[in-house]
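Colleague: Mind looking over this structure? Questions follow.
The values are calculated or read from the model by the stated rules, or taken from the named source; none is laboratory data. The structure displayed is predicted, hence computed values, not measured ones. All Cβ positions, even for glycine, are placed from backbone atoms using ideal geometry, and neighbour counts span all protein chains on display. SASA here: full protein model, heavy atoms, side chains in, ligands and nucleic acids out. Shrake-Rupley method; radii C 1.70, N 1.55, O 1.52, S 1.80 Å.
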Amino acid sequence: MAPPRPSSPPPAWAAANALFRRHRRLLPLLLPAASLRDILPVLSYSLVSGLVRNPFVASRLLLASSGLSLPFSLLLLSHLPASSLSPFSFNSLIRAAPPGLALRLFDQMRRQYVPPDTYTLPFLIRACSGSDPLLCQALHGQGFRLGYGCHLFTQTALVNMYFACGSVVAACKVFEEMPARDVVAWTGMVSGYVDSGMYLKAVEVFQEMRCADDLVWPNEATVVSVASACAGLGSLEYAKGLHSYVEKIGLERELIVRNTLVDMYGKCGGIESARGLFCLMQEKDLHSWTAMISVLASHGHGKEAVALFFSMLEAGVHPDSTTFIVVLSACSHAGLVDEGIHVFNTMESEYHVSPSIKHYGCMVDLFSRAGLIHRAYEFISTMPFEPNLEILGALLSACSINNELEIGELVLNKIESVCSYKGGAGVLLSNIYANQNLWQEVDTIRRKIRTEAIARKPPGQSLIATEVPYTSL
């Protein structure tokens with residue numbers, strides 16, 4: 001009986017491969033499997049025919065199963081003959097494994113005398129990204145020991161790993177030691193600075209990239225990282241400079257780039273630039289709509305944001321969890337109570353999006369800002385999980401503004417029972433007491449604050465940012 005035909009055609013090179021021409025039952029190994037059930041017939045055929053001893057077949061079996069069930073892949077690895085194991089076999093498992101298991105697989109690879117190739121160490125470094133600096137240094141040393149210390153893939157992975165563990169100086173040193181840098185290395189450096197909150201350094205690296213080598217051109221990932229840096233700086237001049245450069249090199253037509261530019265303009269205060277760019281977009285996906293709704297909501301255009309949300313629905317685009325958070329926040333800040341209730345009620349019934357604590361928090365904020373204190377408190381009692389300090393704090397703040405003493409006391413009791421850190425909750429309640437001339441209660445709660453029965457707010461910090469010198473991107 002002939003095997004079922006794959007739902008999509010195999011890669012072009014498979015047609016010229018003698019192994020796949022002779023054994024058509026192996027073709028499913030070249031396509032993504034939906035479940036282990038899809039792999040079992042191929043595995044059975046490989047075992048019966050003896051093809052499992054072929055290193056290529058064994059590695060493809062491990063690769064196909066590793067994305068579905070890592071324990072199954074490890075069991076398969078333990079039963080494969082040693083002659084069938086190759087660097088590709090271990091690479092497939094290392095890249096899918098958590099840090100501890102990845103290190104054990106690398107050790108097993110060496111004990112079984114399977115030589116690592118140029119991809120082994122980068123996969124291992126990526127698996128251990130975010131670990132402690134000592135492990136980062138050990139893997140760095142392992143790269144030199146294996147002869148891959150100056151290999152581009154290894155160095156790029158090391159840069160990303162050092163940034164992930166907070167060793168910015170070490171990441172810069174590895175980057176400076178690179179004999180050659182491709183767009184992935186440059187982008188890794190830019191995104192590393194962005195993730196570290198060093199936005200100006202990220203922009204400087206991008207400018208250096210443009211001047212360093214005419215053969216290296218930024219790609220979509222580079223633009224996304226630089227746009228995040230511009231948004232972090234809040235510099236509209238940098239944002240416009242990046243937009244001009246993106247148009248110059250022809251990347252503006254990419255949808256992900258356009259979405260990123262809309263978001264960047266919004267975070268830099270360029271709402272008209274964001275609106276103009278959005279209106280010119282011939283193709284819009286969910287991220288495009290969500291970005292523009294967020295821009296409008298964050299700049300006080302709540303009604304326009306909600307109207308755009310309903311326009312998105314009319315265009316046949318279904319919202320996701322993030323979209324609902326953005327539009328509910330817009331309703332809250334614009335005082336659109338009825339619209340917010342309608343949007344919240346349709347989340348699960350019409351769009352199959354289960355409300356999370358963030359969505360419930362938006363609704364509590366909506367009711368609180370509208371002065372509907374009792375309704376907000378009742379809404380919290382219907383939540384399927386415990387409220388956090390952010391939700392309870394928003395309601396207590398509204399109680400303070402509206403002098404709702406009874407509910408304010410209930411909310412503070414709730415904060416004390418479910419929150420380990422209580423923020424300035426006691427101060428808000430004491431303000432309500434003061435507004436009603438209940439000075440004995442004010443004195444009692446202030447004493448509790450001073451004796452740290454209620455945890456104090458962590459010390460604040462002030463930052464004075466100097467003007468960022470503008471250099472055209």
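Colleague: Taking segment 385-414, which residues are assigned to a helix (DSSP H, G or I), acidic (Asp, Glu) and under 37 Å from the mean Cα position of the chain (by Cα)?
Modeller: Correct list: 390 only.
Colleague: A further question follows. Of the conditions (1) part of a loop (DSSP other than H, G, I, E, B); (2) at pLDDT 70 or above, residue 427 satisfies every one except a single condition; which number is it?
Modeller: It fails just one condition, (1).
Colleague: In the list 69, 7, which residue meets the criterion of being surrounded by fewer than 18 Cβ atoms within 10 Å (Cβ to Cβ) and modelled with pLDDT of 90 or more?
Modeller: When all the criteria are applied, what remains is 69.
Colleague: Restricting to segment 290-307, give me the number of residues that are open to solvent by 30 Å² or more (accessible area, probe 1.4 Å) and either more than 18 Å from residue 342 (Cα to Cα) or touching a Phe, Trp or Tyr at 6+ places or on another chain (Cβ under 9 Å) (or both).
Modeller: Residues that pass the stated criteria total 5.
Colleague: Also, quick follow-up: Looking at residue 90, is it among the aromatic types (Phe, Trp, Tyr), closer than 30 Å to residue 129 by Cα and either at pLDDT below 90 or out of contact with any strand residue (DSSP E or B) (no Cβ under 6 Å at 6 or more places or on another chain) (or both)?
Modeller: yes
Colleague: Under 9 Å between Cβ atoms, at least 6 apart or on separate chains: pull out the pairs that start in segment 305-328 with a residue that is of a type in the set (Asp, Glu) and end on any residue that is open to solvent by less than 50 Å² (accessible area, probe 1.4 Å).
Modeller: The qualifying pairs are 320/286; 320/290; 320/351; 320/353.
Colleague: Being part of a helix (DSSP H, G or I) and open to solvent by less than 50 Å² (accessible area, probe 1.4 Å) is the filter here, so list the residues in segment 74-85 that pass it.
Modeller: Within segment 74-85, 76, 77, 84 qualify.
Colleague: Hey, another quick one. Tally up the residues in segment 308-339 that are among the polar types (S, T, N, Q) and open to solvent by 60 Å² or more (accessible area, probe 1.4 Å), please.
Modeller: Residues in segment 308-339 being among the polar types (S, T, N, Q) and open to solvent by 60 Å² or more (accessible area, probe 1.4 Å): 1 in total.
Colleague: Out of 378, 350, report the one residue that is closer than 30 Å to residue 438 by Cβ and either assigned to a loop (DSSP other than H, G, I, E, B) or among the charged types (D, E, K, R) (or both).
Modeller: Going through 378, 350 in turn, the sole match is 378.
Per-residue answers, yes or no, for (1) part of a helix (DSSP H, G or I); (2) more than 24 Å from residue 201 (Cα to Cα); (3) among the charged types (D, E, K, R):
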position: 117; (1), (2), (3): no, yes, yes
position: 125; (1), (2), (3): yes, yes, no
position: 153; (1), (2), (3): yes, no, no
position: 157; (1), (2), (3): yes, no, no
position: 169; (1), (2), (3): yes, no, no
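Colleague: Here is a follow-up. Could you pull out the residue among 88, 153, 123 that is crowded, with 22+ Cβ neighbours inside 10 Å and among the aromatic types (Phe, Trp, Tyr)?
Modeller: Among 88, 153, 123, only 123 is crowded, with 22+ Cβ neighbours inside 10 Å and among the aromatic types (Phe, Trp, Tyr).
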